[in-house]
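**Q** Submitted below is the structure of interest, expressed as structure tokens.
Read the figures in this text as sums done on the coordinates, not as results from a lab. Note that the structure is a prediction, hence the values are computed from the model and not measured. Note that we place each Cβ from the backbone using ideal geometry, even for glycine, and neighbour counts take in every protein chain shown.
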Amino acid sequence: MPPIRSIWLAMKGVLRSARRIINEKLEPLNLSGAEGDILFLLLTGSNKLQQEQLAEQLDVGKAAVSRAVDSLESKGYVVRERRHDDRRAYSVSLTSKALSAGGKITGIYNELYAQATKGITDDELVHIESLLSRVAQNLQSMGDR
């Protein structure tokens, strides 16, 4: 069995490389990786999510999501609407500008995913996902103590 240290360093390398590539590819659109992640999530899932849901799904802090949404709003990519059922919460949805750029944005992420999974079978990907989910659960249970 490979030492967990090697696996840990490999995972960190994957994330570091992916962030670098995403930042480079999004730069011509005047978007950061954090902004791109939010737009990609909205473009490929629900077009309207609460900021808290964005933070949870992207596993980033609420303050970081708030800053990225502020920036996206000032650039005209999203609108933020106060929720009727909770006056403290906001929903974020895409504008026509984001929908127009959606093909480029999703293309960038899909190209990254295709490169990352090159030479890896679907069965191997399912296995990797299963193992990493178990590692995540193990670490989450440690935080629940």
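**Q** Starting with the fewest neighbours, write out K104, K25 ranked by other beta-carbon atoms found within 10 Å of each beta-carbon.
**A** Arranged by neighbour count, lowest to highest, K104, K25 become K104, K25.
**Q** In the chain, with Lys and Arg counted as +1 and Asp and Glu as -1 at Cβ, which of these residues, A63, A114, A10, has the Cα nearest the positive end of the dipole, that is, farthest along it?
**A** Among A63, A114, A10, the one farthest towards the positive end of the dipole of the chain is A63.
**Q** Let me ask you something else. Tell me the Rg and the Dmax, in Å, that the Cα atoms of region 66-145 produce.
**A** According to the Cα coordinates of region 66-145, Rg and Dmax are 18.7, 49 Å.
**Q** Amide H of Q50: which non-local residues (sequence gap of 5 or more, or other chain) have their own amide H closer than 5 Å, using H built in the peptide plane?
**A** Residues meeting the criterion, in which the H sits 1.01 Å from N, are V92.
**Q** What does the charge dipole of the chain about its Cα centre add up to, to the nearest 20 debye, if the Cβ of each Lys and Arg holds +1 and the Cβ of each Asp and Glu holds -1?
**A** Dipole size: approximately 420 debye.
**Q** Something else about it: Whose amide H sits under 5 Å from the amide H of V78, counting only residues 5 or more places off or on another chain, with H placed in the peptide plane?
**A** E73, T95
**Q** Right, another one. With the chain treated as a Gaussian network of Cα nodes joined by springs under 10 Å, which of R88, R19, R67 yields the largest mean-square fluctuation?
**A** Its mean-square fluctuation being the largest, the pick is R88.
**Q** Report, to two decimal places, the Cα Rg of region 56-110 normalised by 2.2 N^0.38 Å (N = number of residues).
**A** 1.25
**Q** Using Rg and Dmax of the Cα atoms in Å as the read-out, say which of (1) 17.8, 60; (2) 14.9, 44; (3) 17.2, 53 was calculated from these coordinates.
**A** Comparing each candidate, only (3) matches the computed number.
**Q** Given the options L58, L125, L49, which has the most mean-square fluctuation in a GNM of the chain, springs set between C-alpha atoms less than 10 angstrom apart?
**A** It is L125.
**Q** Between E73 and Y113, what's the calculated FRET efficiency when r is the beta-carbon distance and R0 is 30 Å? Round to 0.05.
**A** Given R0 = 30 Å and the Cβ-Cβ separation, E is 0.65.
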